[in-house]
Amino acid sequence: MKYVDEFRDPVKAQTLAREIRGLLAGIVRAKQRPLQIMEVCGGHTHSIFRYGIQQLLPDSVEFVHGPGCPVCVLPMGRVDDCVALAERPEVIFTTFVDAMRVPGSMISLLHSKAEGADVRMVYSPLDALKLARENPSREVIFFGLGFETTMPSTAMTVLQAHAEALSNFSLFCNHITIIPTIKAILDSPDLQLDGFLGPGHVSMVIGTRPFDFIAQHYGKPITIAGFEPLDVLQSMWMVLKQIAEGRCEVENQYARIVPEAGNAAALDAIQEVFELREFFEWRGLGSIDHSGVRVREAYAEFDAERRFSIPNLKIADPKSCQCGEVLKGVIKPHQCKVFGSACTPETPLGSLMVSSEGACAAYYQYGRIDTSGLRKKAVAA
């Protein structure tokens, strides 16, 4: 397929792998311990496992899986808020498919649907807007979530609802921002990171400039990466070349998609509809200042948090679930004591096993890890 096959060329992949091995041979630090390169985006994590990229590289470099999966970082309390809204008899609650199976403290949205709540899967917030037009006697709530990648479509939907004066449409806003999250990770004493593969989809909206602080203030190289196997390999080569040459810069491997200044129309829509929250709670990461957005007062009529009563409780994850450590890159998914045993895609304890971008789901699907022993160990315990 044109514009895809050329980014999956095995000969070029082997060439890049050789170049990476050559760079690593000249980096003194890589001889002392594996270099830790964090891929922020869950889409990169799945590409790495799907195409066996880690297996192409020597043990002197290691991918660390970051928190760039928006469904994965939803705290249980926010899922419980969704269920509370969905169970209102006048409500049609709409969401993307990944969010339906994320466990709350008691049940997920999928379980709530099975018990009679009107929960519907949509592919776009505009689908929710269409439902509001078609059901004027019902309250249609769209569960808005995701990083800056999905914020513009949600913002433009709110603007369209405002233009049409649709009084039965509202947004339960759980959109989050990437920059404070990366800063929180860099400030964590648990990690020793050597560089980053930057999130391509987020950068398509916000551009490359917001990542300057990573190189300038923290002295870490970062390359904005695409999602095909050659994209990931070339981006890794670019990060390692910076390390080998003693540079710390923001480089853009994904220049065919990502402009330096971002997408002006998308950013304008975000700025018009949303404002930063003082803080937002993340599953496993705690509260991070200015890491989420809410609907501005000018569009309060479309804000489900203002229109409906919700529990808004903080609920801790199960003690056996180590999603937080995985999200921060402290441990790998298979090192979690319930991975593949008590926690599977069919019976998830944590959101990382549910989402199509979750690190645990990637390990389970592509990691070639024998989980039979894990299951036996869990039963014996």
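The values are calculated or read from the model by the stated rules, or taken from the named source; none is laboratory data. From a predicted model like this one, the values you see are computed outputs, not experimental measurements. Counting neighbours? That spans all protein chains shown, and the Cβs are built from the backbone with ideal geometry, glycine included.
Only one of the listed residues (GLU139, GLU115) is crowded, with 19+ Cβ neighbours inside 10 Å and of a type in the set (Asp, Glu). That residue is GLU139. Within segment 1-42, the set of residues being in a helix (DSSP H, G or I) and polar (S, T, N, Q) comprises GLN14, THR15, GLN32. No other residue among THR177, THR208, THR223 is within 20 Å of TYR254 (Cβ to Cβ), buried (at least 16 other Cβ atoms within 10 Å of the Cβ), out of contact with any strand residue (DSSP E or B) (no Cβ under 6 Å at 6 or more places or on another chain) and hydroxyl-bearing (Ser, Thr, Tyr) apart from THR177. Just one of (1) more than 17 Å from the chain's Cα centre (by Cα); (2) of a type in the set (Ser, Thr, Tyr); (3) not assigned by TED's automatic domain parsing to the domain that holds HIS44 fails for SER309. It is (3). Restrict the check to segment 142-162 and report whether at least one residue is assigned by TED's automatic domain parsing to the domain that holds HIS44, over 30 Å from GLU39 (Cα atoms) and within 22 Å of the chain's Cα centre (by Cα). Yes - at least one qualifying residue is present in segment 142-162.
With respect to the conditions (1) in the same structural domain as ASN168 (by TED's automatic domain parsing); (2) closer than 28 Å to MET76 by Cα, ALA269 falls short on a single one, namely (2).
Yes or no, residue by residue, for (1) more than 24 Å from VAL97 (Cα to Cα); (2) in contact with a helix residue (DSSP H, G or I) (Cβ under 7 Å, 6 or more places away or on another chain); (3) of a type in the set (A, V, I, L, M):
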residue: PRO10; (1), (2), (3): yes, no, no
residue: GLY26; (1), (2), (3): yes, yes, no
residue: PRO70; (1), (2), (3): no, no, no
residue: GLY77; (1), (2), (3): no, no, no
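Of the strands (runs of 3 or more DSSP E) lying entirely inside segment 236-333, those carrying at least 1 residues that are in contact (Cβ under 8 Å) with a residue 60 or more places away in the chain, exposed (fewer than 14 other Cβ atoms within 10 Å of the Cβ) and among the acidic types (Asp, Glu) are 286-289. For ASN263, are the conditions met, namely being over 30 Å from ALA86 (Cβ atoms) and modelled with pLDDT of 95 or more? Spelling it out, ASN263 is indeed over 30 Å from ALA86 (Cβ atoms) and modelled with pLDDT of 95 or more. Cβ separations smaller than 7 Å between residues 6+ apart or across chains give the following pairs from segment 184-208 residues that are assigned to a strand (DSSP E or B) to residues that are of a type in the set (Phe, Trp, Tyr): GLY198/PHE211. Screening GLN160 on (1) surrounded by fewer than 23 Cβ atoms within 10 Å (Cβ to Cβ); (2) at pLDDT 95 or above; (3) farther than 30 Å from ARG307 by Cα shows it passes everything except condition (3).
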